[in-house]
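Have a look at the structure below, then the notes.
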Amino acid sequence: MNSLRRTLLVSLLSTIAIVFLVAGYATYRTARGEVDEVMDYHLRQFALSLRDQHFGQPPPPPPALESPEESFDFVIQIWDAQGVRLYLSRPHSVLPALARFGYNTVDTTEGRWRVFSIPLQNQVIQIAQPMSVRSRMAADAALRTLIPLLVLIPLLGGLIWYLVGRGLRPLEQLAREVGTRRADALSALPAEEVPEEARPLVLALNDLLHRLEQAMRAQRAFVADAAHELRTPLAALQIQLQLTERAGDDSTRQAALGELRAGLQRATHLVQQLLTLARQEPGAGASTAFAPVVLADIARQGLTDHASLADARQIDLGADTLDESAVVQADPAALRTLIGNLIDNAIRYTPPGGRVDVTVFTDRSSSPASHWLCVSDSGTGIPPEERERVLDRFYRRAGVEHSGSGLGLAIVRSIAERHGASLVLDTSTHGGLKVGLCFPLAEDHLQS
């Protein structure tokens with residue numbers, strides 16, 4: 001499990017260690033430059049200090065108990081005016097036998113040497129020093145500078161651990177508050193004392209709690225409405241069953257059975273509508289993959305399924321225009337349910353001898369261009385002030401002869417929202433209601 005405190009501690013200590021390494025290298029380079037300046041100064045002073053000495057005889061051998069390389073880091077060479085070397089402090093030195101005046105860096109088989117040569121009183125004096133000596137001195141100086149900082153790293157780690165924990169304490173309190181809440185406690189979390197960095201999370205949680213509260217309120221209302229709507233047909237079925245049992249002759253019994261059968265059909269239709277609406281709720285069909293769907297095929301399927309109902313009610317059911325190029329990304333089963341509800345409502349609320357038309361076309365003049373699926377009828381229509389309310393669940397218009405479940409248009413709206421389509425209610429050219437669904441051509445408006 002990832003720990004935010006551990007991640008911050010490791011990140012900060014790693015950053016500090018990298019900074020220390022960079023600082024150490026910079027310190028080393030600085031110390032190396034300072035050592036070079038000081039040692040160059042010493043080379044010059046050393047050479048100047050030899051100007052009054054007299055050379056001509058070979059120097060005495062160094063003491064046997066002490067190696068020249070360990071006791072002295074300088075090599076001295078002195079030439080006379082004719083170029084004859086008068087003195088060499090290390091006979092085995094690999095330095096060149098000729099001097100170049102001033103400061104020079106020489107590469108030899110023993111490494112790089114820093115050399116200073118100067119002519120003084122008919123003599124040329126040369127002082128040389130290995131660069132490794134300077135590097136060692138610079139490294140020692142840098143290490144002595146960084147050792148106190150390295151010792152402080154554990155203390156710094158503990159301090160960072162404490163400060164990070166103290167900074168994360170409001171998040172821990174928030175987590176405890178959320179964890180101890182009851183399932184039905186959907187009130188907003190306090191955001192006043194929350195740090196600025198955690199406030200977006202709290203606001204997002206509050207928004208989620210608000211949406212959950214609305215969803216639960218809608219669910220409770222739906223369950224209550226469904227129970228109320230089911231109570232009436234079930235009570236009617238119970239009464240019709242009693243009438244069937246009390247029937248004194250076959251004709252009365254057959255009439256009672258017919259009423260019972262019709263009541264069962266209405267109850268079954270209501271239950272099917274409730275199940276359909278539940279399947280179209282947000283998230284219920286999230287796993288259903290969208291596929292290319294030809295709207296004209298959906299319209300033809302709806303016309304075929306409702307042809308017998310239209311004939312029974314003497315309704316002229318047909319298609320005005322079916323554009324085969326109108327293709328949308330959608331759930332085919334959901335669109336079949338949608339067109340079925342639209343045609344069924346249009347037939348039920350259109351008087352005998354009326355007309356119901358289905359139209360599919362593409363409007364490329366609008367912005368954005370869109371595909372349209374429309375169902376128009378010649379019924380009584382819906383007044384503009386009620387068109388928004390008829391989309392609510394279980395809403396039935398007062399004074400309407402045919403009483404349905406009040407869920408048809410609610411199901412249509414739910415399917416339309418799931419597909420990113422716009423639902424438009426208008427007056428048809430036949431004087432009744434026109435229900436149109438607008439599907440944008442751009443696929444980014446669709447939800448899968």
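I want to make sure I understand the PRE zone here: with the label point 7 angstrom from the Cα of ARG85 toward its beta carbon, which residues in the range 94-127 have backbone N atoms less than 14 Å away?
Residues 94-100, 124-127 fall inside that zone.
Count the net charge of all other residues whose Cβ sits under 11 Å from the Cβ of GLU324, scoring Lys and Arg as +1 and Asp and Glu as -1. Mind dumping the intermediate values first?
Details: positive: ARG300; negative: ASP297, ASP323.
Local net charge: -1.
Would you mind estimating how fast the range 327-373 diffuses translationally, via Stokes-Einstein at 4 °C and 1.567 mPa s with the Kirkwood radius over Cα pairs, in µm²/s?
102
State the extension gain, in nm to one decimal, for the chain segment bounded by LEU441 and LEU120, taking 0.36 nm per residue of separation less the distance between their alpha-carbons.
106.0 nm
Report the calculated FRET efficiency for GLU213 and ASP311 (r = Cβ-Cβ distance, R0 = 41 Å), to the nearest 0.05. Mind dumping the intermediate values first?
Working: r = 48 Å, r/R0 = 1.18.
Once rounded, the FRET efficiency stands at 0.25.
In whole Hz, what ³J(HN,Hα) sequence does the range 105-110 give by Karplus (6.51, -1.76, 1.60; θ = phi - 60°), x for Gly and Pro?
Result, rounded to whole Hz: 10, 10, 8, 10, 5, 9.
Give the residue list of trypsin sites (Lys or Arg not before Pro) in the range 92-180 that are DSSP loop and have at most 15 other beta-carbon atoms within 10 angstrom. Write out the running numbers ahead of the final one.
Working: sites: ARG100, ARG112, ARG114, ARG134, ARG136, ARG144, ARG166, ARG176; in loops: ARG100.
Counting only loop positions with at most 15 other Cβ atoms within 10 Å, the trypsin sites (Lys or Arg not before Pro) in the range 92-180 are ARG100.
Can you give the Kirkwood hydrodynamic radius for the range 291-445, in Å, rounded to one decimal and based on Cα pairs?
On the way: mean 1/r = 0.0642 Å⁻¹.
15.6 Å is the Kirkwood radius here.
Can you give me the Cα centroid spacing of the range 147-217 and the range 366-393 in angstrom?
48
Each value in this text was obtained by applying a stated rule to the coordinates, not by laboratory testing. Bear in mind that the values here come from a model prediction, so they are computed numbers and not experimental data. No Cβ is skipped: glycine too gets one built from the backbone with ideal geometry, and neighbour counts run over all protein chains shown.
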